[in-house]
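Here is the structure we will look at.
The values are calculated or read from the model by the stated rules, or taken from the named source; none is laboratory data. Given the structure is predicted, the values throughout are model-derived calculations rather than measurements. FYI the Cβ positions are ideal-geometry reconstructions off the backbone, even for glycines, and counts take in every protein chain you see.
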């Protein structure tokens with residue numbers, strides 16, 4: 001059965017696209033699941049760049065216009081995850097209907113294990129179209145009150161949409177530095193009434209991976225954020241992830 005997971009956030013800048021890129025790479029390479037990641041943030045698309053795709057003649061925009069089949073827009077990454085990027089060209093924003101996203105995704109049903117939808121931030125038209133196309137929702141937040149409050153607003157909107165078959169998976173707590181001014185994990189879970197599935201530490205290696213257009217799980221597989229992303233993949237699969245032996249020594253040597 002194909003699981004369509006919308007990865008959403010109440011605001012921008014929380015690292016949602018980084019989460020999608022790394023989670024997709026983990027599910028494909030670490031857990032051997034047939035995984036597709038889709039850039040649904042069509043107005044400010046970044047997912048393809050995160051994955052090192054600089055030339056994508058066919059994109060989600062062309063699929064949504066009806067000009068190409070969805071398989072024409074699939075690009076395979078070295079991690080085995082496949083990407084459907086959005087166009088970087090302004091001219092490709094016209095003539096497409098994002099509300100039909102789910103109908104185009106139906107061609108993938110039963111043929112892949114996971115489809116991760118990288119939503120636009122907030123609750124605009126693109127984000128709502130992503131939510132409507134999803135079966136499950138994974139929220140991304142940072143350990144700050146404003147970010148956590150935005151998750152509450154997202155939940156309220158989802159409830160108002162009355163999408164009874166839409167299941168909230170939980171939270172990814174991103175960019176954690178364990179500073180005194182940050183909200184505690186337990187407080188965030190109480191506030192949002194959602195479980196934290198993974199805590200991703202803030203790490204300069206993530207900035208390095210962004211600059212090199214390679215997910216950190218591929219660039220630095222034993223770094224702390226990489227281990228956290230692998231634990232997130234295991235949590236979504238409801239499996240237990242065992243960190244490799246001597247991982248601390250490996251991180252120190254690197």
Review point. So which residues in region 194-226 are assigned to a strand (DSSP E or B) and touching a residue at least 40 places away in the same chain (Cβ under 8 Å), if there are any at all?
Key: 197, 200
Exercise for review: Mind listing just one residue for me: the one in region 70-88 that is more than 17 Å from the chain's Cα centre (by Cα), under 20 Å from residue 99 (Cβ atoms) and modelled with pLDDT of 95 or more and, of those, surrounded by the fewest Cβ atoms within 10 Å (Cβ to Cβ)?
Suggested key: 70
Exercise for review: Give the residue that is surrounded by the most Cβ atoms within 10 Å (Cβ to Cβ), with candidates limited to residues of region 31-48 that are modelled with pLDDT of 95 or more and within 23 Å of residue 14 (Cβ to Cβ).
Suggested key: 38
Check your understanding: Which condition breaks for residue 53 when tested against (1) within 23 Å of residue 211 (Cα to Cα); (2) free of Cβ contacts under 8 Å to residues at least 24 places away in the same chain?
Key -> (2)
Exercise for review: Tell me, please, whether a residue that is touching a strand residue (DSSP E or B) at 6+ places or on another chain (Cβ under 8 Å), assigned to a loop (DSSP other than H, G, I, E, B) and within 29 Å of residue 156 (Cα to Cα) can be found in region 14-32.
Suggested key: yes
Check your understanding: Inside region 90-113, can you point out the residues that are free of Cβ contacts under 8 Å to residues at least 12 places away in the same chain and either in contact with a strand residue (DSSP E or B) (Cβ under 8 Å, 6 or more places away or on another chain) or part of a loop (DSSP other than H, G, I, E, B) (or both)?
Key -> 94
Check your understanding: Applying the selection to region 145-177, what residues are in contact (Cβ under 8 Å) with a residue 24 or more places away in the chain, out of contact with any strand residue (DSSP E or B) (no Cβ under 6 Å at 6 or more places or on another chain), in a helix (DSSP H, G or I) and over 24 Å from residue 238 (Cβ atoms)?
Key -> 145, 146, 149, 150, 152, 153, 157, 161
Exercise for review: Tell me, yes or no, whether region 227-235 has at least one residue that is surrounded by fewer than 17 Cβ atoms within 10 Å (Cβ to Cβ), outside any strand (DSSP E or B) and modelled with pLDDT of 95 or more.
Suggested key: no
**Study point:** Yes/no for residue 130 being closer than 20 Å to residue 85 by Cα and surrounded by 17 or more Cβ atoms within 10 Å (Cβ to Cβ)
**Key:** yes
Check your understanding: Does residue 116 count as on the phi < 0 side of the Ramachandran plot, outside any helix (DSSP H, G or I), surrounded by fewer than 20 Cβ atoms within 10 Å (Cβ to Cβ) and touching a helix residue (DSSP H, G or I) at 6+ places or on another chain (Cβ under 9 Å)?
Key -> no
